[in-house]
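Here's the structure, in structure tokens; my notes come after.
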Amino acid sequence: MLRQAPHRRTRSLAGSLTGLITVAVLALAGCALPGSQAAGDDLPPVDTTPLAELEPLADPRSHVGESVARLADSAIRPVAQDPAPALPVTVTDMQGSEVTITDASRILALDLYGTTSRIVFELGLGDNVVGRDTSSGFEEIADEPLVTTGGHELTGEAILDLAPTVIITDTTLGPWDVVLQMRDAGIPVVVVDSHRSMDNVGTIIQSVADALGVPAEGEALAERTEAEIAATVDQIAQIAPQDPEDRLRVVFLYVRGQAGVYYMFGEGSGADSLIESLGAIDVATEIGWDGMRPLNDEGLVATQPDVILMMSKGLESVDGVDGLLEQLPAIAQTPAGANRRIVTMDDTEILSYGPRTADVLEALTRAFYAPEPAS
């Protein structure tokens, strides 16, 4: 039986961006640091005030100091308990390959963001997962063996030792020869969309579910996730300034100071979708910055951001805000630099775009509009 993953949800990113984004992400992945708890254990309890009851700053641009966005709860919420996959199933993956899956008892779900593994657990198939990538930092998968080394490099021997019956991945992990090696070994490998944005969360969920023979559970999870995102975005719209002139101007920087990696993320990177959903202005897109590219002083100063959004490990890699200003002195010429207005979030969460996207938006909303007073 030929079953092709449904395309009821439209991809939001143009195919022409695939090469640019994939090459950039792979380059960055080699410099990434493992670990998921960058913020430390000495932070105050996470604010759980519902967004509807949040008291935002009268002028969110007035805040001075760093903020850390943290999720209140990371527990898995499966849409089904031990669903029975309807197998065999044949799917056409994002590379146009027809892949037949006959056994989902030993699953590896691997990508740069930790998205696909989370989806498998939320579908109710977490007990079938036999390994993890570095970015899969949630508690339920923590005891599974790693199959990535040096940050995000796939290790063929480690994968084969786990004898997976199916691998779900995308093009954000390498080397690609390892993926081809798995196919040559007879393991079904399904490649899902590597793009991440607010518009294709449901599509990726459904693609994973279809490949594992649980399409109904995929539809339920996609609908739940999309409904939660829509509700959260509606709430954010009530909090964010209504006048475009008053909206926060935000830039997403990817930094790995120990490797000399400084990137600015713009249109089509995934960061643009996130920033816009927060009722803010993605200033990199505003100046025509496409995809993910090494930043330059002129481009950074031209954006004049009120807020710099970063991964927690990125800020750690330059020894905090002082180190960031030292490594990138052009930041001091922006409102964000003058106010030390840096918002960070855990590397494994901020751009994951999956079942937890609504929670990510909620945490960032607090950091943007009702941050803790600077110490």
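What follows draws every value from the coordinates through simple rules; no lab data is involved. All values derive from a computational prediction rather than experimental measurement. We place every Cβ from the backbone using ideal geometry, glycine too, and count neighbours over all the protein chains shown.
Helices in the chain, meaning DSSP H runs of at least 4 residues, each add -39500 (n - 2.57). Divided by all residues, the mean residue ellipticity at 222 nm is -9000 deg cm²/dmol.
Length gained on full extension, residue 259 to residue 155: 35.2 nm, using 0.36 nm per residue less the C-alpha separation. Full extension of the chain between residue 58 and residue 227 gives 58.0 nm of extra length, using 0.36 nm per residue less the Cα-Cα distance.
Between residue 75 and residue 47, the FRET efficiency from the beta-carbon distance, with R0 = 30 Å, is close to 0.95.
Listed values (i) 55, 23, 22; (ii) 37, 26, 17; (iii) 35, 22, 19 include one computed from this model; for semi-axes √(5λ) of the Cα gyration tensor in Å that value carries the label (iii). Counted by neighbouring Cβ atoms within 10 Å, the residues 136, 67 run from fewest to most as 67, 136.
The Cα center of the stretch 125-140 and the Cα center of the stretch 294-364 differ in position by 28 Å.
Measure off 7 Å from each Cα along the Cα-to-Cβ vector at residue 95 and residue 296, then give the distance between these two points in nanometres to one decimal. According to this spin-label approximation, the distance is 3.5 nm. As a rough footprinting exposure proxy, the listed residues 199, 82, 243, 282 were ranked by other beta carbons within 10 Å of their own, and the order from fewest upward is 243, 82, 199, 282.
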